[in-house]
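Heads up: the structure comes next, in structure tokens.
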Amino acid sequence: MNKARKFDRNRMRLLVSGLSLFCGLAAANPLPPIEHFSKFDEIFSVRISPGGEYLAFMTKVDGRNRVIVYDRTKKDAINQIFFAGSNEEVGEYYWSSRDRLVVGIQRFIPSMREQPFAGGELFAVNVNGKKEKRIFTFRLPPGKRKSRSPNNGLGFGGWAMMLDPLPDDPNYVLIRTISFSGARSGVYKLHTFNSSMRRIAQLPPGASQVLLDADDRARYAWGMTEYYEQFLAYKAPDSLEWVELIKMPYPGGMLEPIAFTDDGRAILALDSRDGGTKAVVKASLDLKQVEVVYRDPVADVLDVKIDKEGNAYAFLSGIGKPELHYLDPSHERAGVTQSLQATFPESRVEIVNATSNGSLQVIHVSSDRNPGFYYLFDKDAGGLIPFSGMRPWVDQELSGRVEPIEFKARDGLHITGLLTIPPTETDAGFALVVNPHGGPHGPFDAWGYDKQSQFLASRGYAVLQVNFRGSGGFGADFEAAGFRQWGRKIQYDVIDATRYVMKNFPIDPDRIAIMGASFGGYSALQASIIEPDLYKAAIGVVGVYDFNLMYSAGDIRGRFSGRRYLEKALGKDKDEFVEFSPIERVDELKAPVLLIQGEEDERAPVVHANKLAAKLKQRGHTHEYVVIANEGHGFYKPENRVRHLELMERFLDKYL
């Protein structure tokens, strides 16, 4: 760990001195360079210390995360936290007191892939770089210490995740642990100086989430069993036993606790047990009485806002720019966000964190054209102080706007999506790139700044993102509707969305391509097979192309729960596997194909792309195949991120 005396002060001063100026920067070139879209954010994760003396933020140096600590009085960076000369980098970080931070550790294994793995260890250090200590590590046998090693701390046979940094407690944080086997999970109080641990609660096996009450007692725990069943358990304050309240199959709805009410006699939760969208509900502690507070008929509630005391005061909903609804209009944060929303009416405004007394608040403002800008709001003075843009080189005037769309699929199901429209004018109609998301179950596309979509928009392409059946975010029944339909009805939704946009927006019908990553890569090939005359080019990135391989290759089939998921999502019907596998239907393709694959991809192993490329070559079908060395399920190294976009741009320009 390098302390303040060892870091490049000139670089940090240049970064810090330019922070408040970034809001005015604009690109002079009307065609922004690829690097504007491929490179990492300049800064991110800005947080103010509990006392307000310091601001911390993250940046990348030589591709590795660092936390910069900025002294507001000195107007200078006083320390940066990073791991020098190792295969580790800073992950998420937290203020555990007025002058101490706890950081998660991520690990690089260069021989395996470029992207870091979450390490599950914790490191603590003062703002001045002193009293640094690895306070949670799994490298030593349980209970053993190794105080003189740089890897000091308490060894534990599993991972740690932060539950509550307890910023008003100078010595402790609350963590959740899970053993490597997944059999043991618990809540602990962890000392940030001497690394001692005290167990607060043992959690039920499989629990991945926990809700604590005002006294930091674990009261609700929920997760997934190895048989892919969802469960929710409750523990009374005076009991040691967990009582199972809910067990539901997946796919299917669930009730997820959010927060206790002020009196502690009820909870607020997200409830989708009837198969519909996630509704905000107020429920008795035993869940026998449930009152719906709000439900959107189309989309799940997106995000519930909770203050530092654990009180829920607002939530977001909507398929376009999120609409903010207030559970408690009198809450002081409600007043702040209402005022700021009036200042930025076309943006999403969020309170990131605040000082202990709430007088200073870090504000994040973003939109479909704005990747994000941080401000410091002084509540007492009523002033908004610009701090920095996340991607200061972005010119919002050269960014495309994002329009939400809604339509009925061919079988009547309500489908939504997003269309990014280029900032340029056209008389002939825009070329269109259809970009299905990955997953397919769970992920969904939401309104906001999307780097890849904006890159394509900067080149004159409209970009369509479809929340097809099977996507998360639109209710349990909607997600379940995509199971066993990867190669059929999901693709119909993508095709129907394409035709809807062709009919309702200025799109050139002779210049339409489809591309995607992971499941989106699969969809690019499968949709092009089903509608060979609609798409003039197809790009598959780290995709799966042979359903038979799903049970024999990749990391999903390696877990019992993963095999259960595959049985539910894909089934085992051999005739369907032929129908749904692009590799079995190459003869039906007309569009030229570009395949881009990470060499070390564990989720969609390279064998999928190898076999498809060989089949395309055997059939004499126009295609290009690029394997990017040492990358996994996506691209992390800066030059590989550039190359990915270059390959896409050249291919689209050639065939559209």
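The values are calculated or read from the model by the stated rules, or taken from the named source; none is laboratory data. Everything numeric here is computed off the predicted structure, so don't read it as measured data. Here Cβ is always computed from backbone atoms with ideal geometry, including for glycine, and neighbour counts include all displayed protein chains. Ligands, DNA and RNA are excluded from the accessible area calculation, which covers all protein heavy atoms including side chains. Shrake-Rupley method; radii C 1.70, N 1.55, O 1.52, S 1.80 Å.
Sequence neighbours fewer than 8 away in the same chain don't count; with that in mind, list the lysines whose C-alpha is under 16 Å from Lys288.
Of all the lysines, those that pass the test against Lys288 - Cα under 16 Å, at least 8 places apart if same chain - are Lys235, Lys247.
Find the accessible area per residue for segment 205-326; the probe is 1.4 Å, ligands and nucleic acids are left out, and the unit is Å².
Values: 5710 Å² over 122 residues.
Ligands and nucleic acids excluded, the figure is 47 Å² per residue.
In Å², and per residue, what accessible area does segment 559-600 have when probed at 1.4 Å with the other protein chains present?
Details: 1850 Å² over 42 residues.
For segment 559-600, the per-residue accessible area is 44 Å².
Any aspartates and glutamates with Cα under 12 Å of the Lys131 Cα? List them, leaving off those in the same chain fewer than 8 positions away.
Lys131 reaches Asp99.
Return the sequence-ordered ³J(HN,Hα) values of segment 270-284 in whole Hz as given by the Karplus equation 6.51 cos²θ - 1.76 cosθ + 1.60 applied to θ = phi - 60°, using x for Gly and Pro.
Going residue by residue, I get 9, 10, 10, 5, 8, x, x, 5, 5, 9, 7, 10, 10, 10, 5 Hz, with x marking Gly and Pro.
Round to the nearest 10 and give me the degree value, 0 to 90, for the angle of helix 606-619's Cα axis relative to the longest principal axis of the chain.
Value to nearest ten degrees: 10.
Let me check I've understood the local charge: for His331, count other residues with C-beta under 15 angstrom from its C-beta, Lys and Arg +1, Asp and Glu -1. What total comes out? Show your work: numbers first, answer last.
Working: positive: Lys305, Lys308, Arg333, Lys379; negative: Asp262, Asp307, Glu309, Asp328, Glu332, Glu350.
With Lys, Arg at +1 and Asp, Glu at -1, the neighbours total -2.
Ignoring ligands, DNA and RNA, what percent of the 1.4 Å accessible area of the chain is carbon and sulfur?
Numbers: 13120 of 27210 Å².
Within the chain, the accessible surface is 48 percent carbon and sulfur.
Report, in listed order, any pair from Lys408/Lys568; Lys39/Lys60; Lys590/Lys654; Lys451/Lys637 with a Cα-Cα distance greater than 19 Å.
Going by Cα-Cα distance, Lys408/Lys568 fall outside the 19 Å limit.
Work out how much length Gln341 to Lys568 would gain on full extension: take 0.36 nm times their residue separation and subtract the Cα-Cα distance, in nm to one decimal. Write out the running numbers ahead of the final one.
Details: separation 227, 0.36 × 227 = 81.72 nm, distance 4.31 nm.
Contour length minus the Cα-Cα distance gives 77.4 nm.
Taking Cα atoms, how many degrees apart are the long axis of helix 332-343 and the longest axis of the chain, rounded to 10 and kept between 0 and 90?
The angle comes out at about 40 degrees.
Which of the trypsin sites (Lys or Arg not before Pro) found in segment 560-656 are in a DSSP loop and have at most 12 neighbouring Cβ atoms, other than their own, within 10 Å?
Lys572
Could you order peptides 389-402, 234-247, 458-471 by the average number of other Cβ atoms within 10 Å of their residues, highest first? The partial results should precede the final answer.
Working: 389-402: 19.9, 234-247: 12.9, 458-471: 25.6.
Highest to lowest by the protection proxy: 458-471, 389-402, 234-247.
Please give every one of the aspartates and glutamates within straight-line cross-link reach of Lys75, meaning a C-alpha to C-alpha distance under 12 Å, and leave out same-chain neighbours fewer than 8 residues apart.
Filter leaves Glu53.
Which ³J(HN,Hα) values in Hz, rounded to whole numbers, follow from the phi angles of segment 503-520 under the Karplus curve 6.51 cos²θ - 1.76 cosθ + 1.60, where θ = phi - 60° and Gly and Pro get x?
Rounded to whole hertz, the list is 7, 10, 9, x, 10, 7, x, 8, 10, 10, 10, 9, 8, x, 10, 6, 4, x.
List the residues whose amide H sits under 5 Å from the amide H of Ala314, counting only those 5 or more places along or on another chain, with H placed 1.01 Å from N in the peptide plane.
Under 5 Å from the amide H of Ala314 lie the amide H atoms of Lys305, Leu327, each far enough along the sequence or on another chain.
Which value, in debye to the nearest 20, describes the size of the charge dipole of the chain about its Cα centre when Lys and Arg Cβ atoms bear +1, Asp and Glu Cβ atoms bear -1, and nothing else is charged?
Details: 82 positive and 83 negative charges, 509 e Å.
The calculation lands at about 2440 debye.
Taking Cα atoms, how many degrees apart are the long axis of helix 638-655 and the longest axis of the chain, rounded to 10 and kept between 0 and 90?
20
Would you work out which of Val494, Gln80, Ile34 lies farthest towards the positive end of the dipole of the chain? Charges go on Cβ: Lys and Arg +1, Asp and Glu -1.
My answer, from the dipole projection, is Gln80.
Can you tell me the accessible area per residue over segment 437-553, all protein chains present, probe 1.4 angstrom, in square angstrom? Kindly include the intermediate steps, with their values, before the conclusion.
Working: 3070 Å² over 117 residues.
For segment 437-553, the per-residue accessible area is 26 Å².
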